[in-house]
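The values are calculated or read from the model by the stated rules, or taken from the named source; none is laboratory data. Here the structure is a predicted model, which means the values were calculated and not measured. When the accessible area is computed, the model is the full protein with side chains, heavy atoms only, and any ligands, DNA or RNA have been set aside. Shrake-Rupley method; radii C 1.70, N 1.55, O 1.52, S 1.80 Å.
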Amino acid sequence: MKLTKILILCLFFTSHYFYSQTDIQKTSGIFYKFSLATTLGINEEYVAFDDSDETLINPSALFVNNTIGFQFDKRTLLGLNFEYNWHSQQGLHFFPAYLSFQYSLNKNIENSAFFARFGYGTLLGISNDFEKGNMYKFGLGGQFFSENGNSFLIGLDFSRKRFGYKTLEGLSSVSIFLEFMVF
């Protein structure tokens, strides 16, 4: 009986030792992504070489996004997004819920990748302050990987929102985004 216990312990520790020595790179699975983005606009009240505190470029919208999704391989992922959008110049609030698809354009992905992404969904009217409608999004950017599999993403997004009575009103914007992805 003692010999059996010793043999099982030896097998357990040697198998654990060999498994821990192999560095398996994760290429598919569930991920979470957090994003901040802003749309920049030209300040019409700016005067060059004036001593006022005015700047030439001002942020005109803020986007805060949470994504949970599935990465199929190194190049392809699909995400479910919940986002808060505030357009300060127009005084509009949006809460889009949409599906996004991202595809890396590089064939060999080591430390970084160039990607294109698309999204389509609905603008949820969670209260009277939020507009209802639909939206779509297209973006290009770069993804930079860390050693532990997480990554940073930076790029540009074009979004188009249709809202209002019979979705006759529209709002288009180009935003700069910075994201952190936990894989």
How many percent of the accessible area of the stretch 52-183 is carbon or sulfur, using a 1.4 Å probe?
-> 62
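Would you mind getting the accessible area per residue of the chain, heavy atoms of the protein chains only, 1.4 Å probe, in Å²? Don't jump to the answer; show the numbers that get you there.
Working: 12040 Å² over 183 residues.
Per-residue value: 66 Å².
How high is the relative contact order of the chain? Use alpha-carbon pairs under 8 Å, at least six apart in sequence, and give a whole percent. Let's see the in-between values first.
Details: 420 pairs, mean separation 31.9, N = 183.
Relative contact order of the chain: 17 percent.
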Once the Cα atoms of helix 2-21 and of the chain are each reduced to a long axis, what angle between those two axes, in degrees from 0 to 90 to the nearest 10, is obtained?
-> 40
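May I ask you to derive the relative contact order of the stretch 36-130, considering only C-alpha pairs under 8 Å and at least 6 residues apart, and to give it as an integer percent?
20 percent.
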Compare SER60, SER127, SER104 in a GNM of the chain, Cα atoms joined below 10 Å, and give the one with the largest fluctuation.
-> SER127
